[in-house]
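Working notes, beginning with the structure itself.
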Amino acid sequence: MIRIREQALPANGAVHIWRLSLDDPALDLPELLSGDEITRFSGISHPKARLRFFRTRCALRLILASYVRRPPSELTFIPGENGKPELSTGSPRLRFNLSHSGYCFLLSVVAEYDIGIDIEQIHANRDYAALARRFFTAEESLLIDSCDNDSLFYRMWVLKEAAVKARGMKLLAGLDRFECLQSEEGDLTIRDKLEHADGNDWSIRQWLVDEKFVAAVMVRGAEAEFINKGFRSLW
């Protein structure tokens with residue numbers, strides 16, 4: 001059993017960040033899913049991937065239903081620009097974006113503003129230099145080459161993917177548009193090479209999750225407040 005209290009839409013300038021474990025059996029709620037989701041679930045051959053897809057959809061419905069005050073099973077989703085999903089029921093002001101990697105699930109919820117979130121599990125001993133040369137700019141590749149820290153590649157990846165998702169773009173079409181810059185202190189910022197607006201028009205949060213994952217969220221609007229949320233599992 002899972003309890004989620006009714007949620008008000010985040011206040012202006014606030015972002016709710018929901019985090020949960022996809023290893024939680026309390027998310028096994030098949031009665032929540034639509035026929036399309038069940039078909040997609042049945043088409044996934046790998047058992048662990050199939051289970052995590054199932055629990056991701058259940059968690060998404062439970063959380064969003066708490067904002068729009070409708071039964072989770074009654075929510076309907078429509079593809080927005082470039083396929084980014086939107087709710088067709090409930091509050092037209094609600095915007096959301098989700099990401100999951102391994103057992104970790106993140107969902108960002110905001111009122112009205114464009115938003116993107118990404119999380120990736122850190123895997124050691126991969127050829128990050130080759131991946132950077134394929135997907136990153138030349139300057140970013142040089143940063144990866146000069147660093148022996150596995151997390152830098154992932155920190156850059158999640159920041160770029162959050163930026164792409166916030167703008168509703170397809171991933172591979174957008175990765176090269178955004179460039180990560182590193183300060184002398186090691187902090188990362190991101191630049192949109194095609195957008196001349198001030199970078200302060202966007203708020204960014206980057207963090208380490210459970211020492212095994214890195215995450216980033218990007219939302220339109222300066223000085224957003226990021227609020228961590230969770231629900232209680234009574235399994």
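Overall, the chain carries a charge dipole of about 1060 debye about its Cα centre when +1 sits on the Cβ of Lys and Arg and -1 on the Cβ of Asp and Glu, all other atoms neutral. Distance from a point 7 Å along Cα→Cβ of L208 to each backbone N in region 98-125: keep the residues under 20 Å and list them by number. Answer for this model: 101-106, 118-125. Positive-end ranking of S73, T39, Q7 along the dipole of region 3-99, with charges on Cβ about the Cα centre, is headed by Q7.
Dipole magnitude for region 124-212: about 540 debye, using +1 per Lys or Arg Cβ and -1 per Asp or Glu Cβ, origin at the Cα centre.
Pick out which of S101, S88, S151 has the largest mean-square fluctuation in a Gaussian network model of the chain, springs linking Cα atoms closer than 10 Å. Of S101, S88, S151, the most mobile in the Gaussian network model is S88.
Bear in mind these aren't lab numbers, they're just calculated from the coordinates by the rules spelled out. Note that the coordinates shown come from a computational prediction; the quantities given were computed from them, not determined experimentally. Note: ideal-geometry Cβ built from the backbone for every residue, glycine included; neighbour counts use all protein chains shown.
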